[in-house]
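J.: Attaching a single structure in C-alpha cells format; questions to follow.
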Amino acid sequence: MKFPPLLISAGEASGDLHAGRLAAALRARGATGLFGLGGEHMRAAGVDLIAESREVSVLGITEILHRLPDLRRVFRRLLDAVDARKPPLAILVDFPGFHLRLARHLRRRRVRNVYFIAPQFWAWRPWRVRVVRRRFERALCIFPFETDFYRENGVNAEFIGHPLVGRVKPSCSRSEFVSRLQLDPGRPLVALLPGSRPGEIAHNLPPLLAACRQLAAARGAQFVLAAAPGVPDEAFAPAPDPALRLYVTRGAAYDALSAADVAVVSSGTATVEAALCGAPMVVVYRVSPLTAAIARPLIRAPYFAMVNLIAGRPVVPELIQDDFTGPGLAREVGRLLDSSAARETMKQDLAGVENRLHGPHGDAISRAAEVICEMLSGEATPQQDSPSKMGVS
C-alpha cells in the first residue's frame with residue numbers, strides 16, 4: 001500500500017523503545033514519511049524527530065509545573081509539523097498528560113488517532129477513559145486485563161501482547177558478565193535499576209544507596225547499577241562510594257538482571273523486563289511528598305508493581321514512598337539473598353507473569369503495524385469528538 005505521512009509520538013524512554021520498533025515495522029511495509037516526538041530508538045528507525053522526548057520527560061504532578069514552557073514549545077512544534085505535512089493518522093504512545101491534549105488538537109485537524117500502549121487509567125484517574133473514547137479510534141493494550149476496562153467504557157480496545165516478550169535476553173552468561181566487570185564471583189550480586197528519568201533517580205537513589213551500604217557491610221554484597229539510555233552521568237553522581245563495590249554500566253541492563261541474585265527495580269517498564277529475565281526483585285518508587293499527597297486519592301489499583309497486577313497477587317515485594325527506606329530495602333533484599341527457596345519460588349511466579357504477556361496474534365509489534373495498515377486502508381470508522389466537549393482535557 002502507499003503510505004501517507006504519519007505522526008508518531010513517544011514522550012518517555014520506554015515508549016521510544018516500542019515506538020522505534022513499530023516505526024521499523026511500518027517502514028518495512030513501505031512507510032517513509034514518519035515524523036514526530038521521540039528518542040534514539042525512533043531516530044534509528046528513520047523517524048524525523050520534530051522534538052526529542054528528553055525535552056518533555058518529567059516525573060510527578062508538581063514537577064510538571066516547572067517544565068510547562070518546554071512542554072508548550074514541543075506541543076506547538078508538533079502541531080506546526082502536522083499543519084505542514086497533513087498526516088491522516090497519528091500514533092500516540094502512552095504519556096497521557098501530553099497526548100490526550102495533543103489528540104484533541106489533532107481531531108480538530110481531522111487527524112485520526114490510535115493509542116499504541118493505552119494509558120493505565122484503570123490504575124488511577126479512571127474517569128479519563130472517556131476522553132480516550134472520544135478522541136481515539138483504536139486503543140492497543142499491552143496487558144491482558146486492560147481490554148475489559150477499556151471496552152466496558154466504550155473504547156475500541158485490543159490486547160496485542162507485550163512488545164518486550166521474546167526480546168528480553170542477556171547477551172552473555174553470568175560468568176562472562178562477572179568477569180567483564182571484574183566482579184567477585186563468590187559474593188552476592190545485586191542489580192540496581194533506579195529509573196529512566198533524572199527526577200526519578202534523584203528520589204530513588206538516596207535510600208537505595210543507604211540499603212547498599214547495609215548489604216555490603218552485613219553480607220559482602222556487590223552492586224551493578226544499570227543506567228537507562230539517555231540518562232546523563234550527573235544523575236548518578238552520588239553513586240560512587242569507596243565503601244561500596246558498586247559499578248555503573250550502560251547498555252547492559254538485561255545482562256545485569258540475568259546475572260544478579262536479586263534486583264532492585266524502580267516501578268515501571270523495568271519491572272516487566274526484570275520479570276522476563278527471571279530476576280527475583282524488590283520494586284521501589286518515590287516521588288516528592290506533595291506529588292504523593294495529590295496522587296494518593298487518585299490511585300485505584302490494588303498493587304503498585306506491574307508484575308503484581310499481571311499476576312493478580314503480590315509475587316514481588318513493593319516499597320513505595322514512605323515504605324521505601326534504606327533499612328526496609330536492605331531487609332527485603334537480605335531476605336531474598338538468604339533464601340534460595342524464596343528466590344526460586346519468585347522465579348516460578350515470574351514465569352507465570354511472562355506467560356500472561358503473550359498476545360493472541362503473535363508478535364505485538366507486528367499486530368500493531370497490521371492495525372495501523374487496516375486503519376489507513378479504511379477498515380475502521382473514526383469517532384468524532386462532541387463539539388460541546390472539545391475543551392475537556
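Only the coordinates and a few stated rules stand behind these numbers; no lab work does. Given the structure is predicted, the values throughout are model-derived calculations rather than measurements. With ideal geometry, Cβ positions are generated from the backbone for all residues, glycine too; neighbour counts draw on all protein chains shown.
J.: Do you know the relative contact order of segment 174-356, to the nearest whole percent, from alpha carbon pairs under 8 angstrom that are 6+ apart?
T.: 24
J.: What distance in nm separates the two pseudo spin-label positions at ALA202 and THR32, each 7 Å out from Cα along the beta-carbon direction?
T.: Roughly 4.5 nm, to one decimal.
J.: While we're here: If one computes the Cα centroid of segment 312-339 and of segment 340-358, what distance in Å separates the two points?
T.: 17
J.: For the peptides 323-334, 80-91, 156-167, what is the packing order when you average, over each peptide's residues, the other Cβ atoms within 10 Å and list the highest mean first? If you can, show how the numbers build up before the last one.
T.: Numbers: 323-334: 18.8, 80-91: 17.1, 156-167: 21.4.
Averaged packing, sorted descending, gives the order 156-167, 323-334, 80-91.
J.: Relative contact order of the chain: what whole-number percent is it, with Cα pairs under 8 angstrom and at least 6 residues apart?
T.: Contact order relative to length: 17 percent.
J.: Would you please put 203-213, 44-54, 262-272 in order of how densely packed they are, using the mean number of other Cβ atoms within 10 angstrom per residue and starting with the highest?
T.: 262-272, 203-213, 44-54
J.: Determine the gain in length on full extension of the stretch LYS347-TRP124; use 0.36 nm per residue of separation and subtract their C-alpha separation, reporting nm with one decimal.
T.: Working it through step by step, the gained length comes to 77.4 nm.
J.: Right, here's the next one. Grab the other residues whose beta carbon is less than 14 angstrom from that of LEU276, score K and R as +1, D and E as -1, and report the net.
T.: Net charge around LEU276: 0.
J.: Sorted by average packing, counted as other Cβ atoms within 10 angstrom per residue and highest first, what order do 340-349, 20-29 take?
T.: 20-29, 340-349
J.: Another question about this same structure. Working out 0.36 nm times the residue gap between ALA243 and SER339, then minus their Cα-Cα distance, what length gain in nm do you get to one decimal?
T.: Additional length available on full extension: 32.0 nm.
J.: Just subtract the alpha-carbon distance of GLU55 and ARG72 from 0.36 nm times their residue separation and send over the number in nm, one decimal.
T.: Working: separation 17, 0.36 × 17 = 6.12 nm, distance 1.05 nm.
So the extension gain works out to 5.1 nm.
J.: Related question: For segment 99-148, which trypsin sites (Lys or Arg not before Pro) are in a loop by DSSP, counting at most 14 other Cβ atoms within 10 Å?
T.: Sites meeting the loop and neighbour criteria: ARG109, ARG110.
J.: Relative to the longest principal axis of the chain, what angle (0 to 90°, nearest 10) does the C-alpha long axis of helix 364-376 take?
T.: Rounded to the nearest ten degrees, it is 10.
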